[in-house]
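Values in this text are rule-based calculations from the coordinates and carry no lab data. As the structure is a prediction and not an experimental result, all values here were calculated from the model. Note that we place each Cβ from the backbone using ideal geometry, even for glycine, and neighbour counts take in every protein chain shown.
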Amino acid sequence: MEQFKKDIQLGLSNVPKTLPSKYFYNKKGDKLFQEIMSMPEYYLTNAEFEIFSQKTKELIHLLNLDKERHFELIELGAGDGVKTIELLKELITQGFNFSYLPVDISANALAGLKEKLHIVLPTLDVRTKQGDYFEVLAGIKETKKPKVILFLGSNIGNMLDDKAKSFIYQLGKNVLPDDKLLLGVDLVKPKEVVLPAYNDKQGITKAFNLNLLDRINEELGADFNLDEFDHQPEYTEEEGIAKSFLVSKIHQVVTIKSMGKVFAFKAGEKIHTEISRKYNDAILNNIIKETDFKLKEKLTDTKGYFADYLLVRK
Ligand code: AVJ
C-alpha cells in the first residue's frame, strides 16, 4: 500500500505524467485482462497458444532436458497458465521429473491457477510465489536444481529496454550454466495489426486502462471522474512500441485524500500508463548483448506474429 502510494505520487508528479502498468492487476483488472486475451483483436494470446499446443514436442526437444534429473520450471507472470498447461501435460506424459513454480504479481491469479492445476494435473508439484519480477529474482538462486524459466506472453514488453536489459542481466547472474530461459515476445509488425489489439471495438482495453484510476479512487481515496478521461493507444512500426495513455478530456483537478494532494490536468493532457514493446532478432540481441544469455532458437506461430525465443547461457 505504501509503495503504491509512493509510485502514484511519483508518477503523477512526473512531466509528462505516468502511472506504472503493474498496478493494472487487481481483481477487476485481472478479469478485464482475461477478457482482453479472448478478444479477436488481441492476437498475442492465440498466437502463443498455437506455439505451445502445436509445437509442444519440438519445444521440449529444444529444452534438451534430462529425464533422470529433477528440474524446476519457473514461470514469471504465470497468469491463468493456459499456454503453460499444454507444456506441463506433455512433460508429464513424457515422464519428466519436475516442479512447477508460477510467480505472479496477482495473488488472485495465482490462487485461480493453483486450483485449476489441482484439478487438471493433480500429480504435479506446484509452488506459487506472489511478487513482482524483480522481487523474486534473488529467490531463484536458492536451489541448485536445474531450471527452465518461462517468461511468456510478451510480459517483458512492459519494460523499457534498459529495464529489460538489467532484468535479463540479473536473471543470468541468478541461474546456473545449464539453465534456460524461454522468452515469449510479440514481434514488430504493421500498425494495422498491432493497434486494434490495444484499441478494441468493445472498449475492454479502455476499461482496463481506466481501471487504474478506479483503483486509485478506491485504495487511495481519490476522486478521478472516469468519464472525463479517454483511452488513447499509439504505435508506429518504426518504433515498435505500443503505448497506452489516459487523456484528460477537460481541465480538471483531482484530489487524492490519503496523500493530502491535488493534481491538476489540462484539457488534452496525457498520463502514460503502459508500453508494450514489440521485438525482432536485432532488438532482442541488443537487449541481451551484455547479459550471460544468447539466442539459441525461436519458435513462431504460422502467421509469424509471435515468437518464443530459447535463450541459453553464453
Ligand atoms: C500482459 C503486458 C503482455 O502489453 O500486451 C494488454 C497487457 N495491455 N492490453 C500487453 C495489455 C493492454 C499485455 N501484457
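Out of every Cα pair in the chain, what percent are spaced more than 24 Å from each other? Tail of the P(r) past 24 Å holds 55 percent of the pairs. Which residues does a label at Lys314 reach in the stretch 255-291, if reach means a backbone N under 14 Å from a point 7 Å past the Cα toward the Cβ? What the label zone holds, given the 14 Å backbone N cut-off, is 285-291. Tell me, what is the FRET efficiency for Val247 and Thr302 to the nearest 0.05, using R0 = 45 angstrom and their Cβ-Cβ distance as r? Efficiency, from the Cβ-Cβ distance: 0.75. Mind pulling the angle between the C-alpha long axis of helix 82-93 and the longest principal axis of the chain? Nearest 10 degrees, somewhere in 0 to 90. Between helix and principal axis, roughly 10 degrees.
Translational diffusion of the stretch 235-314, estimated by Stokes-Einstein from the Kirkwood radius over alpha carbon pairs at 20 °C in a medium of 1.002 mPa s, is 131 µm² per second. When the Gaussian network model of the chain links Cα atoms closer than 10 Å, the mean-square fluctuations of Thr302, Thr273, Thr84 top out at Thr302. Using the Cβ-Cβ distance between Val262 and Glu115 with R0 set to 41 Å, the FRET efficiency works out to roughly 0.45. Taking the Cα atoms only, what angle lies between the long axis of helix 43-54 and the longest principal axis of the chain, rounded to 10 degrees? In the chain, helix 43-54 runs at an angle near 10 degrees to the longest axis. Helical runs (DSSP H, four residues minimum) scored at -39500 (n - 2.57) apiece and divided by the length of the chain put the mean residue ellipticity at 222 nm at -11500 deg cm²/dmol. Available extension along the chain between Ser99 and Lys28 is 22.6 nm, counting 0.36 nm per residue and deducting the alpha carbon span. Pick from Gly77, Gly268, Gly240: which residue has the top mean-square fluctuation in a GNM of the chain where Cα pairs under 10 Å get a spring? Its mean-square fluctuation being the largest, the pick is Gly268.
Each semi-axis of the equivalent ellipsoid for the stretch 5-156 is √(5λ) with λ an eigenvalue of the Cα gyration tensor; in descending order they amount to 30, 19, 14 Å. Under 5 Å from the amide H of Glu75 lie the amide H atoms of Leu101, Val103, Leu150, each residue being 5 or more positions distant or on a separate chain, with H modelled from the backbone and absent for Pro and chain starts.
GNM remark for the chain: springs join alpha carbons under 10 Å apart, and the peak mean-square fluctuation among Leu182, Leu124, Leu150 falls on Leu124. Here the stretch 214-257 is treated as an ellipsoid with the same Cα gyration tensor; its semi-axes, largest first and in whole Å, are 27, 12, 7.
Scaled to the globular estimate 2.2 N^0.38 Å, the Cα spread of the stretch 37-99, given as radius of gyration, is 1.22. The translational diffusion coefficient of the stretch 269-311, from Stokes-Einstein at 37 °C and 0.692 mPa s with a Kirkwood hydrodynamic radius over alpha carbon pairs, comes to 265 µm²/s.
The long axis of helix 27-37 is offset from the longest Cα principal axis of the chain by roughly 70 degrees.
In the stretch 59-129, inverting the average of 1/r over every pair of distinct C-alpha atoms gives 12.4 Å as the Kirkwood radius.
In the frame of its principal axes, the stretch 128-241 has Cα extents of 52, 40, 23 Å, reported largest first.
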